[in-house]
Every structure is written in C-alpha cells, then in structure tokens.
1. Out of the range 171-203, which residues are of a type in the set (S, T, N, Q) and under 25 Å from Tyr271 (Cα atoms)?
2. Quick one: what pairs do we get from the range 55-72, first residue farther than 15 Å from Thr84 by Cα, second of a type in the set (Asp, Glu) and in a loop (DSSP other than H, G, I, E, B), C-beta under 8 Å, 6+ apart or different chains?
3. All but one of (1) at pLDDT 95 or above; (2) out of contact with any Pro (no Cβ under 7 Å at 6 or more places or on another chain); (3) of a type outside the set (A, V, I, L, M); (4) over 22 Å from Gln102 (Cβ atoms) hold for Thr166, so report the exception by its number.
4. Among (1) more than 16 Å from Leu209 (Cα to Cα); (2) surrounded by fewer than 17 Cβ atoms within 10 Å (Cβ to Cβ), there is one condition Lys228 misses while meeting the rest; what is its number?
5. Within the set of pairs 6 or more residues apart or between chains, which connect a residue that is without any contact (Cβ under 8 Å) to a residue 40 or more places away in the chain and farther than 30 Å from Glu162 by Cα inside the range 103-127 to a residue that is outside any helix (DSSP H, G or I) and not acidic (Asp, Glu) with Cβ atoms less than 8 Å apart?
6. So, in the range 139-158, how many residues would count as being out of contact with any helix residue (DSSP H, G or I) (no Cβ under 6 Å at 6 or more places or on another chain) and either surrounded by fewer than 18 Cβ atoms within 10 Å (Cβ to Cβ) or in a helix (DSSP H, G or I) (or both)?
7. Could you tell me whether Leu127 is farther than 22 Å from Pro35 by Cα, touching a strand residue (DSSP E or B) at 6+ places or on another chain (Cβ under 9 Å) and at pLDDT 95 or above?
8. Any idea which residue in the range 130-163 is modelled with the lowest pLDDT, counting only those that are of a type in the set (S, T, N, Q) and within 23 Å of Ile211 (Cβ to Cβ)?
Amino acid sequence: MSAAPKANPVIDIHSHFFPPITRAEAAALDAQGAPWLEIRDSEHGMIMTGDQPFRPVYSALWDSARRVEEMDRSGVDIQLMSATPVMFGYRYPIAQALPWAQRMNDYALELCAHNPVRLKALAQVPLQDIDAACREASRAKATGHLGVQIGNHLGSLDLDDEGLLTFLTHCANEGIPLLVHPWDMMGGEQRMKKWMLPWLVAMPAETQLGILSLIMSGAFERLPKSLKICFAHGGGSFAFLLGRVDNAWHQRDIVREDCPNPPSSYVDRFYVDSAVFDQRALSLLVDVMGEERVMLGSDYPYPLGEQQVGRLIREADFTPERQQRLLSGNAQAFFGI
C-alpha cells in the first residue's frame, strides 16, 4: 500500500521515462527511424532508432521500482515523468502519430501504477495535428496525467505559430499545465560535431527561443492568463540574456514592433525549472523569475541531469521558506498536487 502524501512533498517536475517499446511497436510508426528499447540485461539498455543505437540508458528509465528506490536516496517524494523527446513523433502522419502518442501515454500510466502517490505522468501529444493534439491532451488529463509535455518547436514553426497558440489556448481553457522541453536542436551534426555540444549550446538556445517567440510576437498578449506553462532547463539562456533583449527592445523598433511592453515585463507569464547546475546561475534565475516561478527539475535519470536530485536548491543560501517554494510549493500550485 502506498504511503499517504506529505504536506510539503519534494516534487521533481522534470524527469524522463522510456518504456519497454518493442521493435515491432516502433515499426508501426516507422520501421527505419522510430525509437524502441533494447534491454540488454537487468541494468542496461540501449535506445535504438531502427537499427541505429541512439543512447545508452539504464533501468530507472523503465523500471518504476528502481526509480522509487533512487527517489528515496535523493529525498524526492513525487516525480513527474515525461517522454524522452525522441519519442515525440512529430514528423509522422497523424494516422500513425496519434495511436503512437496514445500508447506512450498509456505506458506512462502503467509505470506510475507501481506507486501512484509518488509517480505522476505528463502526456505527449501529436502537435502536427492541432485538433488531435487538443483531443489527446484532454483524454490524457481525464485518464490521470497531470499535464502535457511538448517540444519547443514543430519543425520550422516556433511556439508563436497560430496552430500552436490554438493548442496552448486549449490547454489554458482546460486547465492543463504544460512543460516545454527543448529538442531537435539547431546546428546538429553539421556545426556541433562532438563533445555533446548540441546539448550544451543549442539546448539552452532552443529553450530561450521558445520563450522569446511567445514574448516578442505578442502571443502572451493574446493567450489566456490562466495558461500554466513551464520551460525546462532553467529557461535556457533566458535569465542571463534578458538584459540584452530588453536593451534591444528599447533601441530598435524592429524588435518591439509586435511586443508592446519590455520583454522583462512578461516573466510573470511562465515558469522555469531549476536544472541549471550552478549556485550562481540558480541565484540569478530566482532573482530574474521570482521565487514563486521556479520549480525543482532534475532531468533524471540522464547523465546530464542533476545527480543528487534537489541538492542545488538544498545547498543554496536561501531562506527555508524559499527552499520550500522551489522544492514543493510552486509545483503543488502549478500542477494541482
């Protein structure tokens, strides 16, 4: 039997799962490129795309018991699991992409069933068809998902695309919180050939691009204020470069032509997680965003995530009240936990 929830549980809003997708399941989406999991032993596996190895992984991605054990060691009470972005399937026809998203969402709930008090899921949706994405977001909410994770762009379309704004509006009206995760990073193998530079350079840039596309286009002026939207990876480069953006807005009319107010005035319209891995960066992030708009996020269980989940916040020179907000209270309010 699951233990009763704590009054102020430590909540990690940004962790990933990859279910035991078989090659046959993946072939229904794309026999050559869809992701599946090759489990090599009780501890180790490889995410595959067709015949090609994509990323070595370990059992916490698909073994809920292992995940809960590691949560206990890190002092994490609740973890929100979302798809590894390679699972999104945005480039496929909707006839294949919708059942794929539905199956992945059902997989997520099956993993959470091991301990539904402590494991929660965020759904994925087929953004290439906005009507289908809206229906799947609503279905997912009705079946137990706490929200939806989306990529920060859809091919060449950023979040200010009218179709994507329709989806964001639907989620606002339905009370569905959103986590925006960078993916399909710019530059790729052509310019960032090694050292994981797409993750180190382009991932923060993609995240900032997602935020600024909503600010600079004036989208936040049109979106309902009830929208709950959070950007992973600390909002990427946003906090550090906000002064640059504000300066450009004041100096150049081409920058402010669609944005009626200084970009810094929109920080109360979105949230970020805490996955910045440096005390100075976390302090800046909280100063820029406000302590009520930062939530614990780890990127667990990947190697570039926070290895001792929550340690950065716990060791920060914050008041107990601020720590409690970042570790628990903000996520409780955002996701209705």
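1. Asn173
2. Met71/Asp77
3. Every listed condition holds for Thr166 apart from (4).
4. (2)
5. Qualifying pairs under 8 Å: Leu109/Ala121; Leu109/Gly144; Leu109/His145.
6. Total satisfying the criteria: 7.
7. Working: farther than 22 Å from Pro35 by Cα: no; touching a strand residue (DSSP E or B) at 6+ places or on another chain (Cβ under 9 Å): yes; at pLDDT 95 or above: yes.
Judged against the criteria, Leu127 is not a match.
8. Only one residue tops the list, namely Ser156.
The values are calculated or read from the model by the stated rules, or taken from the named source; none is laboratory data. Since we're looking at a predicted model, the values are computed, not measured. Note: ideal-geometry Cβ built from the backbone for every residue, glycine included; neighbour counts use all protein chains shown.
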